[in-house]
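**Student:** Here it is, the structure in full.
The values are calculated or read from the model by the stated rules, or taken from the named source; none is laboratory data. Since we're looking at a predicted model, the values are computed, not measured. Neighbour counts run over all protein chains shown; Cβ positions are idealised from the backbone, glycine included. The protein model used for the area step is the full one, side chains on, heavy atoms only, and it has no ligands, DNA or RNA in it. Shrake-Rupley method; radii C 1.70, N 1.55, O 1.52, S 1.80 Å.
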Amino acid sequence: MTPVLRTERLLLAPYTPADEEAFVALFQDTRVSRWMGDGPSSEDEDRALFGRVFSKVYADNLFDVWAVRRDGRLVGHAEIKRTDEVEGHEVIYALAPEAWGAGLGTEIAEAIVAYGFDTLGLTEVHATVADANTASLVLLERIGFTHVRDVREDDGSTTHVLTRRRDPVARGR
């Protein structure tokens, strides 16, 4: 079961059915969705994805997915899940444009990385970021991720794979 995580300004909690419209609005915003998965999807596809969060991800306890709230309002999305693409656990996060530039992405990323290390017992976590998504690349490098390799996509673009290893000193905590 996906737990509730708290940061200084954010609440990361499982989605509720009442979040559907805000979820779809977030995923339909091309400023956000251009960096997620294979890029923008149709509204129907995003509604189906929201349904699968409940019918598959939560129902089968596949991985952790959070609605990110600030002051009770949905402002983002976060996940940590095992993926073959990185041969380990990948952190995924997205913020609504009105929440950009306030350090909230850093709070989300740090919270899910800490969860991966402290709760899931991982020794490393990964992120995949499009070459053009400089804001995420800078954020991840600032919090200790290092570039490990590049993936050349079918469309000719480059995706960077970054990894953050758990601090060996922190294991004793």
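**Student:** Rounded to the nearest 20 Debye, what is the dipole magnitude of the chain about its Cα centre when Lys and Arg each give +1 and Asp and Glu each give -1 at the C-beta?
**Tutor:** The calculated dipole for the chain is roughly 760 debye.
**Student:** Would you calculate a helix-derived [θ] at 222 nm for the chain, using -39,500 (n - 2.57) for each DSSP H run of n ≥ 4 and dividing by the full residue count, to the nearest 500? All intermediate terms of the calculation are to be shown ahead of the outcome.
**Tutor:** Details: 5 runs with 47 residues, N = 173.
For the chain, the value works out to -8000 deg cm²/dmol.
**Student:** While we're on this one: Return the tail of the calculated pair distribution for the range 46-159, meaning the percent of Cα-Cα pairs more than 19 Å apart. Can you show the working numbers first?
**Tutor:** Working: 3320 of 6441 pairs.
I get 52 percent for the Cα pairs in the range 46-159 exceeding 19 Å.
**Student:** Ignoring ligands, DNA and RNA, what percent of the accessible area of the chain is carbon or sulfur (1.4 Å)? Present the calculation step by step, with values, prior to reporting the outcome.
**Tutor:** Values: 4530 of 9350 Å².
Looking at the chain in its full context, I get 48 percent from C and S.
**Student:** Separate question: So for the chain, averaging the separation of alpha carbon pairs under 8 Å that are six or more residues apart and normalising by length, what relative contact order in percent results?
**Tutor:** Working: 270 pairs, mean separation 29.9, N = 173.
Over the chain, the number comes to 17 percent.
**Student:** Follow-up question, since we're still on this one. How would you rank 8-18, 101-111, highest first, on the average number of other Cβ atoms within 10 Å across their residues?
**Tutor:** Values: 8-18: 15.0, 101-111: 18.5.
The packing order, highest mean first, is 101-111, 8-18.
**Student:** Sort 92-100, 63-71 for me by packing, meaning the mean count of neighbouring Cβ atoms within 10 Å per residue, highest on top. Walk me through the numbers before you get to the answer.
**Tutor:** Working: 92-100: 18.2, 63-71: 19.9.
Taking the mean over residues of other Cβ atoms within 10 Å, the ranking is 63-71, 92-100.
**Student:** Remind me, relative contact order of the range 1-54 in percent, using alpha carbon pairs under 8 angstrom and six or more residues apart? Mind showing how you got there, number by number?
**Tutor:** On the way: 35 pairs, mean separation 12.9, N = 54.
Reported relative contact order: 24 percent.
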